[in-house]
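Everything on this sheet refers to the single structure shown next.
The values are calculated or read from the model by the stated rules, or taken from the named source; none is laboratory data. The structure displayed is predicted, hence computed values, not measured ones. Glycine also receives a Cβ, built like all others from the backbone with ideal geometry; neighbour counts cover every protein chain displayed. In case anyone asks, the SASA skips ligands and DNA or RNA and just uses the protein heavy atoms, side chains included. Shrake-Rupley method; radii C 1.70, N 1.55, O 1.52, S 1.80 Å.
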Amino acid sequence: MDLRIVTLDRPRPLTREEQRHQKKLRQVQLLGCVAGICIGLILGIIVGNSAAGFAFGKIPPSPEPQQMTNKLDIPAIATVSLLDVVKIAHPEQMGEPSPIWDVPLTDEEMTALLETCEAGQIHPSIGLGLIQVESSFRPDALNTASGCYGYCQLNPKYFPSDLAPADNIRTGMEYLAYQLERYDGDLEAALTAYNAGHDTGDRTYADMVITAAATFRG
């Protein structure tokens with residue numbers, strides 16, 4: 001009887017480097033599948049919305065070329081995801097939140113302050129600091145000796161004597177902007193001139209306004 005010995009070829013064991021390579025390959029393939037599914041879902045939603053629009057007569061069958069380039073109709077869920085990506089990847093592009101000023105001014109008065117400060121290149125906190133020093137935010141404040149009145153303590157010898165509170169703020173900020181231009185942007189000199197009529201060199205008043213402004217900046 002003839003005996004035949006048959007040997008089976010077995011694959012050689014993989015090295016650790018080869019095992020790591022195959023593991024990474026499987027991970028890449030899995031990520032590719034997940035990404036493909038997500039893209040397919042988004043495209044499906046877009047196509048579904050478009051088809052529904054055609055069915056109900058909401059989307060014209062042949063839009064003008066310029067209408068196609070105006071905007072892309074992306075589902076809301078996709079838009080939210082895209083915004084989240086932008087916030088994570090480029091947080092500096094989302095802008096800083098607008099400051100909230102905790103001051104006893106009406107909306108009209110605050111608008112007058114912000115608009116005039118922007119026009120005169122004055123930081124709003126400086127305007128608020130000036131009002132704090134001049135009147136402690138009392139629109140009916142009155143200096144019986146000089147007749148200066150209102151939020152910004154305007155002197156009726158040089159300004160109208162019956163300005164409404166918002167106009168009082170607007171005029172005061174315009175006058176400070178004038179002094180800033182007069183003294184080439186020197187804030188301390190401009191504040192001193194606002195109080196004394198010209199730059200006396202004494203920075204007591206300017207320091208008071210700047211110190212008060214720092215509390216509003218915070």
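Backbone amide hydrogens, once placed in the peptide plane, bring LEU154 within less than 5 Å of TYR149, excluding anything fewer than 5 places away on its chain.
Let me check something: with ligands and nucleic acids excluded, how do ASP184, ASP167 order by accessible area (1.4 Å probe), largest to smallest? Please report the intermediate quantities before stating the final value.
Details: ASP184 140, ASP167 65 Å².
The ordering from most to least exposed comes out as ASP184, ASP167.
Projecting the Cα atoms of SER135, LEU113, GLN179 onto the charge dipole of the stretch 91-218, computed from C-beta unit charges around the Cα centre, puts SER135 farthest toward the positive end.
Just to confirm a number: summing +1 for Lys and Arg and -1 for Asp and Glu over residues other than ASP167 whose beta-carbon lies under 13 angstrom from that of ASP167, what do you get? Spelling it out: positives minus negatives among the neighbours equals -4. Per-residue packing, averaged as other Cβ atoms within 10 Å, sorts the ranges 122-132, 136-146, 195-205 into the order 122-132, 195-205, 136-146, beginning with the highest.
Using the Karplus relation 6.51 cos²θ - 1.76 cosθ + 1.60 with θ = phi - 60°, the per-residue 3J(HN,Hα) values for the stretch 114-130 come to 5, 5, 6, 5, 5, 5, x, 6, 10, 5, x, 5, 5, x, 5, x, 5 Hz, with x marking Gly and Pro.
The amide H of ASP186, built 1.01 Å from its N in the peptide plane, has no neighbour under 5 Å, considering only residues 5 or more places off or on other chains. Among the protein heavy atoms of the stretch 99-218, carbon and sulfur supply 49% of the accessible surface, probe 1.4 Å, non-protein parts ignored.
Taking K and R as +1 and D and E as -1, what net charge do the other residues with C-beta under 12 Å from the C-beta of LEU154 add up to? Summing Lys/Arg as +1 and Asp/Glu as -1 gives -2.
Accessible area per residue for the stretch 105-218 is 52 Å², calculated with a 1.4 Å probe on protein heavy atoms, without ligands, DNA or RNA.
Across the stretch 194-204, coupling constants 3J(HN,Hα) worked out from phi with the 6.51/-1.76/1.60 Karplus curve, θ = phi - 60°, read 4, 7, 10, x, 7, 6, 8, x, 7, 9, 4 Hz, and Gly and Pro carry x.
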